[in-house]
Amino acid sequence: MKRSLLEVENLTKIFDTKYGDLTAVDGVSFTLEEGKTLGLVGESGCGKSTTGRAILRLIEPTSGKVWFKGEDVTTANKSQLRILRKSMQIIFQDPFASLNPRKNVSDLVSEPLRWYKIYKNKKEKDSYVNKLMETVGLTQRLKSVYPHELDGGRRQRIGIARALALDPKLIICDEPVSALDVSIQAQILNLLKELQKERQLSFLFITHDLSVVNHFSDEIAVMYLGQIVEKAPSKELFNKPLHPYTQALLSAIPIPEVGERSERIMLKGEITSPINVKEDCHFSPRCRYAFDKCFHSRPKLEMISPNHFVACHLCTQKTT
Ligand code: SF4
């Protein structure tokens, strides 16, 4: 049986805090195929970045499984993980915070190559750096400048060059354009799209902004308090959102056309605490459709139509 490039099954991360168990990621499952993009969307604190980091084991998952090209990432030892990480890279949200301010562009771009002993001498290093800088649209004259001398867009291009250095198959993009101006956002998204086409890259694209992933993702998974509450092909999710939380997120996206106006769904009510979570629908205190069952039973993610999954009692009741 052909396996997906990335398979995530029941991934869970619980942090032990002085107030109790904080469930950041709660049984997340999905697959990602080669050359495709899955958008992982939700409000800050919903666990999407923790999911990305737990997949790479930058944070150790509490339970669950991650397979990359059929290899079990969750049980890999240190040296197996080092090999796997060559093919699984990450781009961080804040390029400034993720770059060492004491290193110039050439050293920053070549750092992953040095860790993996890819080049033998300065000539080879320069050749790799030149190629990577050209790939991400950075001119050679910037090789000796430092991150603080560059704008946000160029700093993020360094982050992308570093992620590409080891020729990965999967890149986890953790809010890669959130800290950038809108015009720069478009440039970086276009660059990522071009790179994906050229290199058959797969992206797990983490963002709080649904409008960013609309044209970028093949599929979108919406997260709420550590759980995926809806997952569908992008077009389907935008045309036919089923979960009340997805509907609220979509209603908040501004529509540029004059005269087109859809109702903005304002979410009221308290956000459920992720500490010592109950067996209810975590969205119930804010859901305008909540009914009795929602307060004592947690809905499972179920397929409502081909490739469209929803965790909501209301949706599953309609189809049964
Ligand atoms: Fe709303 Fe109930 Fe559906 Fe949760 S299960 S989203 S509370 S209708």
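The values are calculated or read from the model by the stated rules, or taken from the named source; none is laboratory data. None of the values given here were measured: they were computed from a predicted structure. Here the Cβ positions follow ideal geometry from the backbone for every residue, glycine too, while neighbour counts run over all protein chains shown. Just the protein is used for accessible areas: all its heavy atoms, side chains included, with ligands, DNA and RNA removed. Shrake-Rupley method; radii C 1.70, N 1.55, O 1.52, S 1.80 Å.
Some notes on this structure:
- Of the residues SER63, SER44, SER144, the one with the largest accessible area comes first in the ranking SER44, SER144, SER63, computed with a 1.4 Å probe on protein heavy atoms.
- Accessible-area order (highest first, 1.4 angstrom probe) of the listed residues THR62, THR17: THR62, THR17
- Relative contact order %, the chain, counting alpha carbon pairs below 8 Å whose residues are six or more apart: 21
- Chymotrypsin sites (Phe, Trp or Tyr not before Pro), loop per DSSP, at most 15 other Cβ atoms within 10 Å - longest free stretch of the chain: 117-288
- Whether the range 166-226 is rounded, prolate or oblate, judged on the alpha carbon gyration tensor where a/c under 1.5 counts as rounded: oblate
- Here the Debye sum runs over all C-alpha atoms of the chain as equal scatterers in vacuum, and log10 of I(q)/I(0) at q = 0.09, 0.10 Å⁻¹ comes out as -0.50, -0.61.
- Kirkwood analysis of the Cα pair distances in the range 96-230 returns a hydrodynamic radius of 15.9 Å.
- Between the range 164-220 and the range 85-99, the Cα center-to-center distance that results, in Å: 12
- Residues whose amide H lies under 5 Å from that of GLU34, counting only those 5 or more places away or on a different chain, are LEU5; hydrogens are built 1.01 Å from N in the peptide plane.
- For ILE172, residues with placed amide H under 5 Å, excluding near neighbours: GLN89, ILE90, ILE91, LEU204
- Cleavage-rule hits, trypsin sites (Lys or Arg not before Pro), the range 72-118, DSSP coil, Cβ neighbours within 10 Å at most 16: ARG102, LYS103, LYS117
- Each part reduced to its alpha carbon centroid, the range 263-298 and the range 3-45 end up 20 Å apart.
- Prolate/oblate/rounded label for the range 114-189 (Cα gyration tensor, a/c 1.5): oblate
- Carbon and sulfur %, accessible surface of the chain computed with the full protein complex present, 1.4 Å: 50
- Accessible surface calculations at 1.4 Å, restricted to protein heavy atoms, place the range 1-145 at 53 Å² per residue.
- GLU236-GLN140 FRET efficiency (beta carbon distance; Förster radius 35 Å; 0.05 resolution): 0.20
- Computed over the alpha-carbon pairs of the range 48-124, the distance histogram in 5 Å steps reads 3, 12, 21, 19, 18, 15, 8, 4, 1, 0 percent, short to long.
- Dimensionless Rg/Rh of the range 1-102 - Kirkwood Rh, Rg from C-alpha atoms: 0.98
- 3J(HN,Hα) along the range 239-246: 7, 9, x, 9, 6, x, 6, 4 Hz, from the Karplus curve 6.51 cos²θ - 1.76 cosθ + 1.60 with θ = phi - 60°, whole Hz, x for Gly and Pro.
- Listed values for the range 126-133 are Karplus-derived 3J(HN,Hα) couplings in whole Hz (6.51 cos²θ - 1.76 cosθ + 1.60, θ = phi - 60°), namely 4, 5, 4, 4, 4, 5, 5, 5, and x replaces Gly and Pro.
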